[in-house]
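The values are calculated or read from the model by the stated rules, or taken from the named source; none is laboratory data. Being a predicted model, the structure only gives us computed values, none of them experimental. A quick note on method: Cβ atoms are made from the backbone with ideal geometry, for glycine too, and the neighbour counts reach across all protein chains shown. Ligands, DNA and RNA are stripped out before the accessible areas are found, and what is left, the full protein with its side chains, is counted by its heavy atoms. Shrake-Rupley method; radii C 1.70, N 1.55, O 1.52, S 1.80 Å.
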Amino acid sequence: MSSVRLIARTLLPYLVIALIAAPLLGAYEPLSVSGASMQPALFPGDLVFVKRGAQPQADSIALIREAGRMQVLHRVVDVRSDGSVTTRGDANPVDDLDPVPLKAVAGTVRAVLPVGGLLAALRGSGGHATLSAQSNSMKR
């Protein structure tokens, strides 16, 4: 049996349970990771569970939703006294330029199903993030 099939057979029951259970719990939102800015913590294809409304803390991964921008998962580097947060993708060498207002933080990642990371490891390539594809890191 190929490694991919073995992993698929192993993960499939957990994936199904997670997809069914998360919406039933109501407070969690399952999302699929699509970008590479959070590698090596998150890989494209990973499934994350975001606790809606959870307060960001330093070192947590926040789901950021700002009007007119794509949603982003980035690490919280600092929580400022006004409640806004400084963020950065783990694969990025610099913090995002603009602080994120607290109202734009939709929640924080509480669990990860590393589907994409396992597949990347099997392929032998983790991919690399580019700053041009990341939120506002290029504005420096």
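Can you tell which of G68, G45 is more than 30 Å from P13 (Cα to Cα), surrounded by fewer than 18 Cβ atoms within 10 Å (Cβ to Cβ) and either touching a residue at least 40 places away in the same chain (Cβ under 8 Å) or among the small types (G, A, S) (or both)?
G68
Only one of the numbered conditions (1) closer than 15 Å to A111 by Cβ; (2) at pLDDT 95 or above; (3) of a type in the set (A, V, I, L, M, F, W, C); (4) outside any strand (DSSP E or B) is violated by L15, and that is (2). Can you pull out the residues in segment 18-41 that are open to solvent by less than 60 Å² (accessible area, probe 1.4 Å) and either at pLDDT below 80 or part of a loop (DSSP other than H, G, I, E, B) (or both)? Once the filter is applied, which keeps residues that are open to solvent by less than 60 Å² (accessible area, probe 1.4 Å) and either at pLDDT below 80 or part of a loop (DSSP other than H, G, I, E, B) (or both), segment 18-41 yields A18, A21, A22, G26, A27, V33, G35, A36, S37, M38, Q39, A41. The residue that is farthest from V115 (Cα to Cα), among those in segment 30-73 that are acidic (D, E) and touching a helix residue (DSSP H, G or I) at 6+ places or on another chain (Cβ under 8 Å), is E66. Restricting to segment 77-91, count the residues that are surrounded by fewer than 21 Cβ atoms within 10 Å (Cβ to Cβ) and under 16 Å from the mean Cα position of the chain (by Cα). The qualifying residues number 4. D59 satisfies every condition listed in (1) more than 10 Å from the chain's Cα centre (by Cα); (2) open to solvent by less than 30 Å² (accessible area, probe 1.4 Å) except (2). Applying a threshold of 8 Å to beta carbon distances and a minimum spacing of six or more residues, or different chains, the list of pairs starting in segment 98-117 at a residue that is farther than 18 Å from E29 by Cβ and ending at one that is open to solvent by 20 Å² or more (accessible area, probe 1.4 Å) and at pLDDT 95 or above reads P99/R80. K51 fulfils the conditions (1) open to solvent by 50 Å² or more (accessible area, probe 1.4 Å); (2) in a loop (DSSP other than H, G, I, E, B); (3) at pLDDT below 95 except for a single criterion, (2).
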